[in-house]
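Enquirer: To start, I am sharing the structure in question, which I have written as structure tokens.
The values are calculated or read from the model by the stated rules, or taken from the named source; none is laboratory data. Note that the structure is predicted; figures quoted are calculated from it, not measured. So basically every Cβ, Gly included, is an ideal-geometry build from the backbone, and we count neighbours across all protein chains shown. Areas reflect the complete protein model, heavy atoms only, side chains present, ligands, DNA and RNA absent. Shrake-Rupley method; radii C 1.70, N 1.55, O 1.52, S 1.80 Å.
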Amino acid sequence: MKKIGLTGGIGSGKSTIAKIFQTLGVPVYDSDKEAKKLINEDEQLKQSLILLFGEEAYSNGEYSRKFVSQLVFKNKEKLAELNAIVHPAVRKHFDNWCDEQNKKGERYTIKEAAILFESGANEGLDKVITVNAQEEIRIKRVMLRDNISKIQIENRINNQLTDEERSSKADYLIDNSGGELLMPKVLEVHQNILTSS
Ligand code: ATP
């Protein structure tokens, strides 16, 4: 069973494209969603984060994203330590999930992650799809979707690879600047994954 990565900058349309793959019957692992779940539910992970950030990392058993974000925003070492705890836990969870998909006889899975290359989550994957869209379009989409400011989105963009950097590392490129149907583009990649070795 192949493991395929799906990445792209904020607002590029990863989740939209992941949903299309799901309608084609492909199992999709949403790394950001699963990481959030693990941080709240995995006891070992919780204890490691409390050791690193103190009891305030959780409030009434719920992860205090705001508290931790404020700490790591100013401290690159703490951010690296946070990543060194969370990323391997997600990786292990993804591997177990893939074993289950393999047993079900799936031909390939998709691992969706915004910072796939930046976090090293591309390791062990067979191929990677990158979704591209012009920065202005992405900003407009995210402002509409999340009701946040342009500056907040630009800060996120500045912490991610550029479309060019991601594209140079990817095997498949999907342009999602709008104006064209996505389904034929996704179908083409789907067919290629199924038929290529
Ligand atoms: P993030 O990294 O923030 O999770 P994402 O890459 O997963 O973002 P989506 O959530 O799929 O991006 O798309 C961002 C927004 O843009 C969504 O509201 C989505 O409905 C919209 N969108 C995506 N693709 C298109 C398109 N081709 N035309 C119009 N709107 C689109």
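Enquirer: Take the residues of segment 15-33 that are away from the ligand (no atom under 11 Å from the Cβ) and either open to solvent by 70 Å² or more (accessible area, probe 1.4 Å) or without any contact (Cβ under 8 Å) to a residue 60 or more places away in the chain (or both): which is nearest to residue 106 (Cα to Cα)? Talk me through it step by step, then tell me what you get.
Expert: Pass one, segment 15-33, residues away from the ligand (no atom under 11 Å from the Cβ): 21-29.
Now drop any that are not either open to solvent by 70 Å² or more (accessible area, probe 1.4 Å) or without any contact (Cβ under 8 Å) to a residue 60 or more places away in the chain (or both), which leaves 22-23, 25.
On the way: 22: 12, 23: 14, 25: 9 Å.
My answer is 25.
Enquirer: Restricting attention to segment 150-164, report how many residues are touching a residue at least 12 places away in the same chain (Cβ under 8 Å), open to solvent by less than 90 Å² (accessible area, probe 1.4 Å) and over 12 Å from residue 8 (Cβ atoms).
Expert: Residues flagged as touching a residue at least 12 places away in the same chain (Cβ under 8 Å), open to solvent by less than 90 Å² (accessible area, probe 1.4 Å) and over 12 Å from residue 8 (Cβ atoms) within segment 150-164 amount to 2.
Quick grid of which residues meet (1) of a type outside the set (Phe, Trp, Tyr); (2) within 14 Å of the ligand (Cβ to nearest atom); (3) modelled with pLDDT under 95; (4) under 18 Å from the mean Cα position of the chain (by Cα):
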site	(1), (2), (3), (4)
101	yes, no, no, no
106	yes, no, no, no
113	yes, yes, no, yes
118	yes, yes, yes, yes
126	yes, no, no, yes
133	yes, yes, no, yes
137	yes, yes, no, no
148	yes, yes, yes, no
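Enquirer: Would you confirm, using the coordinates I've provided, whether residue 54 is away from the ligand (no atom under 16 Å from the Cβ), closer than 28 Å to residue 168 by Cα, free of Cβ contacts under 8 Å to residues at least 40 places away in the same chain and open to solvent by less than 40 Å² (accessible area, probe 1.4 Å)? Steps first, answer last, please.
Expert: On the way: away from the ligand (no atom under 16 Å from the Cβ): yes; closer than 28 Å to residue 168 by Cα: no; free of Cβ contacts under 8 Å to residues at least 40 places away in the same chain: yes; open to solvent by less than 40 Å² (accessible area, probe 1.4 Å): yes.
So residue 54 fails the test.
Enquirer: Restricting segment 34-51 to residues that are touching a residue at least 12 places away in the same chain (Cβ under 8 Å) and within 16 Å of the ligand (Cβ to nearest atom), which is most open to solvent (accessible area, probe 1.4 Å)?
Expert: Out of the qualifying residues, it is 36.
Enquirer: Among (1) away from the ligand (no atom under 12 Å from the Cβ); (2) of a type outside the set (S, T, N, Q); (3) farther than 21 Å from residue 32 by Cα; (4) open to solvent by 70 Å² or more (accessible area, probe 1.4 Å), there is one condition residue 179 misses while meeting the rest; what is its number?
Expert: The single condition residue 179 does not satisfy is (1).
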